Each structure stands twice: as C-alpha cells, then as structure tokens.
Amino acid sequence: MNTDKIAIIGLGYVGLPLARLFATKYNVVGFDINQDRVDELRKGIDSTLEVEDKILQKVIKTSPSNDSNGLYCTTTIDDIKDCNYYIVTVPTPIDKNKRPDLTPLYKSSEAVGKVLSKGDIVIYESTVYPGVTEEECIPVLEKVSGLKYNIDFFAGYSPERINPGDKEHTVEKILKVTAGSTPEVGEKVNNLYASIITAGTHLAPTIKVAEAAKVIENSQRDINIAFVNELAKIFNLLDINTHDVLEAAGTKWNFLPFKPGLVGGHCIGVDPYYLAQKAQEVGYHPEIILAGRRINDSMGTYVASEIVKMMIKNDLKVKGGKILMLGVTFKENCPDVRNTKIIDVINALKDYGADLTIYDPWANTEEVKYEYRIETTNNIPNDTFDTIVLGVAHKEFSNLDFNNLLSKNGLIYDVKGVIKDNVSGRL
C-alpha cells in the first residue's frame, strides 16, 4: 500500500470522481460539510450520477484507518488531520453582480489550515483566475496553521477537467495539467497525478500558468459559442437554417464544429468572469471576453421571444398558452441544475403569461424548487400542449411521441437542434 494519505475537500461533481480514482491506489479521506451527501456516499450511492454505485461501493471504507486503500467520507475535520496531501475541489461561483465569489475557497482553506502539518502539500483544483492560489488561499493557510509557505508547507495546482454526465471522457482519461510551488514540489504533484491518470500529465512551470491555462479553456469555448449564437440570430433574420450552414461550413478540415445554444453550467458560463475580473484589476478591459458573455447571457430571452413570435404567427395564444418545457438541467443526461440557462427561457415565457409545464426525468424536483422556485415533474405529462420546447437533449426525449403531446396546430421549438422531423423552429 502507498504510504501517502490524501484528503479530498469537497465531494461534488469534481471531488468524488477524483477521490474514487485515488482510492484505488491510496488511502483517501473525503471531507464535505454536507452531512446528507456524506451519508449517501457512505452507503455507496452517488446522487450526482458521476460515479456508478457499484464502482463507488468497491472503494468505500467504514473508517479512516491507515491499514488499507479506499475512500472514507466524513464531515469531521479531525479525520483528515494525518493526511499529507490536501486536494481542494470546492466550487468557485460568481455572485449576483457576476463577480468571483471565493467564499468556498476561503472556508476550505481555513479548514485545511486547522489540520496542516509540516511537509504537507495543499493542491487546489478549483477554477480560478491567475494568482488566487498564492495570493488568496495561501495567506489563509498561513494564518490559520501558523506555518510558513514553501518552508513548512507547500502548494500545488491541478485544474479540474471533469465533464459532468460524460461517461466516455472520465477523469482518468483526460490529460491533467499540474504545477507546484517549487520545482521539487511540482515533480511530486505531477507524479501523484501521473500514478492514476492514464491519459498522462503536463507539468506547467508555475501555479499561475496552470491557473491561467484552465480559465482560458472555458473562455475560449464561451467565445466560440457566442460567435455561432450571433450567427444564429443573423441567419434567423435571413430565413436561413443555421444548422444547415454549419454543416456545410464543417466540410472544411479546419472549421471548428461549435453549435448555437444556451451556455450555462458551472464552467463555461462562469469562468470567463474570473479572467475578466483579474484583467480589470490590472487595468485592462477585456472586450472580446465580456462581449461573448453578453451574447451568451442574452440567449435565454432571445429563445423565449422567438418562441412567442412563432406562436403568434401560428394563431396560438401566448397568454395562458400551454407550453411543455423538456429539460431544466444545464446539459443533457446529467442531474446538475447549477447555473442552468433554461431558467432564463422559463422566466421569460412566464413573463409573457404562458402556462408552463416543466418535465425533466434527470432533475431533482426539490433541488429545482429550492434553487429557482419553480415546480417540475419527473413524469411525462398526461396532457396536450400548444408548444413543446426541447430545452435539453436528454436521451429520454428522443423516444417521446410528440404528436400525442401536441394539440391541434401545436408547434415544436428545438433549442438543441436534434429533432429531425416536424420542427417549427430551432435556435
């Protein structure tokens, strides 16, 4: 058994798959402040569906003892005090003003600082702007622990590359960027990840380089999606099918295959604001990054207005009109509803007075109600509707009989561009 003992701080969409993978070769303690989450994991159940229950159950331990590999989950800070690697995988959201909210990072750094010992290495995986690890997190660790950075303890950074709902590109199959606070620590961090990541690793020269590399990954995707969203608006005015245009353009070998859509979730729709914040702090106003964000943030209300225009043209009433929204999660085949942009479409349609039914077999109805104050259902409605909106391309929707759900002269609007027949409108 490997003598290194690893603590994973945060057992969500990023932390749990990583903890499970490390637990196949190391003694791992997973720490989370959510007792309900820890209780379900101790039973070998993952409600995020990122790790199959049967795979999780193979590594779950009933105690944090050092005599075997595996994963012990806990809410007790003392259970991680004898670890020598601490990997922080907490969320990095934005506030209502779209400014980075580092509260989860500060609190997790405080927790680690309470148990930090000489020689320990703290690795951050949370997506941040360049400088957060050393300028924001390290001072917290020093203050709480009383230890000195790069003398008593060390740091690393290895940005998460989890793709929620993706069962093909799992954590071990995605190349991992790593970095350390000294060259020697960088090698240690890199070797740690290389021991479990079959796709390989890339050791960046500094922590700031690794932080910057991560934040531009999603900013690049955001800008490219914004471009095709703008194209969709233009081509709709020209009465040209955007997807047909992209298919034709895609016949060239170096054309990038981006599609229009709603950009939500916890990465692409958030990370560009982190980079923009840091740029503004050093006196640069990032025009392209923020322009892309404005376009993508506006797409929900744009989709709603297109649906309303379509209904009016087809003599369907909007106020009181019955609309079935298919999907509320931020992406297909995934229960994650964080920062879902479907909610923008829903709220805009409600503002028009439409009567909405929201069906999503993947979403937790109580979580959606808590986050967004809307009612959803996990069951196919036994009703007919004036308009059906495919908001999320869940696999279950591909087998729906739309004809039985549509009223006479009913319409279908396909946000995702995946329905082939009888579509009245699409993004």
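Below are the figures for this structure:
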{"read-out": "Net lengthening on full extension, ASN347/GLU375 (0.36 nm per residue, minus Cα-Cα)", "value": "8.9 nm"}
{"read-out": "Separation in nanometres of the label points that stand 7 Å from Cα toward Cβ, at GLU287 and ASN97", "value": "2.5 nm"}
{"read-out": "Calculated FRET value between ASP383 and ASN66, using beta carbons and R₀ = 45 Å, to 0.05", "value": "0.20"}
{"read-out": "Shape call, the stretch 53-143: gyration tensor on alpha carbons, a/c limit 1.5", "value": "oblate"}
{"read-out": "Protein accessible area in the stretch 35-160, 1.4 Å probe - carbon and sulfur %", "value": "48 percent"}
{"read-out": "Cα-based convex hull volume of the stretch 39-89 per residue, rounded to whole Å³", "value": "97 Å³"}
{"read-out": "Accessible surface of the stretch 164-227, 1.4 Å probe, proportion on carbon and sulfur as whole %", "value": "59 percent"}
{"read-out": "Shape category assigned to the stretch 126-174 from the gyration tensor of Cα positions, a/c cut at 1.5", "value": "prolate"}
{"read-out": "Label selected from (i) 53, 44, 38; (ii) 82, 55, 37; (iii) 72, 49, 39, the criterion being Cα extents along the principal axes in Å as computed here", "value": "(iii)"}
{"read-out": "Anchor LYS81: aspartates and glutamates whose Cα lies under 17 Å away (excluding residues fewer than 8 positions away in-chain)", "value": "ASP4, ASP32, ASP67, GLU110, ASP120, GLU142, ASP152"}
{"read-out": "Antiparallel content of DSSP bridges confined to the chain, in %, to 5", "value": "5 percent"}
{"read-out": "Cα gyration tensor shape of the stretch 19-173, rounded if a/c is under 1.5, else prolate or oblate by comparing a/b with b/c", "value": "oblate"}
{"read-out": "Rounded accessible area per residue of the chain, 1.4 Å, Å²", "value": "46 Å²"}
{"read-out": "Charge context of GLY12, other residues only, Cβ under 12 angstrom, K/R +1, D/E -1", "value": "-4"}
{"read-out": "Helix axis angle, 342-351 relative to the chain longest principal axis, alpha carbon, degrees", "value": "40 degrees"}
{"read-out": "Rounded to the nearest 20 debye, dipole of the stretch 189-316 from Cβ charges on Lys, Arg, Asp, Glu", "value": "160 debye"}
{"read-out": "Net dipole in debye of the stretch 297-409 [+1 Lys, Arg Cβ; -1 Asp, Glu Cβ; about Cα centre; nearest 20]", "value": "320 debye"}
{"read-out": "Centre separation in Å (Cα based) which lies between the stretch 242-317 and the stretch 348-363", "value": "21 Å"}
{"read-out": "Mean residue ellipticity (222 nm) of the chain, computed from DSSP H runs ≥ 4 via -39,500 (n - 2.57), nearest 500", "value": "-10500 deg cm²/dmol"}
{"read-out": "Full-extension gain in nm, ASN422 to GLN35, via 0.36 nm per residue minus C-alpha separation", "value": "134.6 nm"}
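The values are calculated or read from the model by the stated rules, or taken from the named source; none is laboratory data. Everything quoted here is computed from the prediction, not taken from an experiment. We place every Cβ from the backbone using ideal geometry, glycine too, and count neighbours over all the protein chains shown. SASA here: full protein model, heavy atoms, side chains in, ligands and nucleic acids out. Shrake-Rupley method; radii C 1.70, N 1.55, O 1.52, S 1.80 Å.
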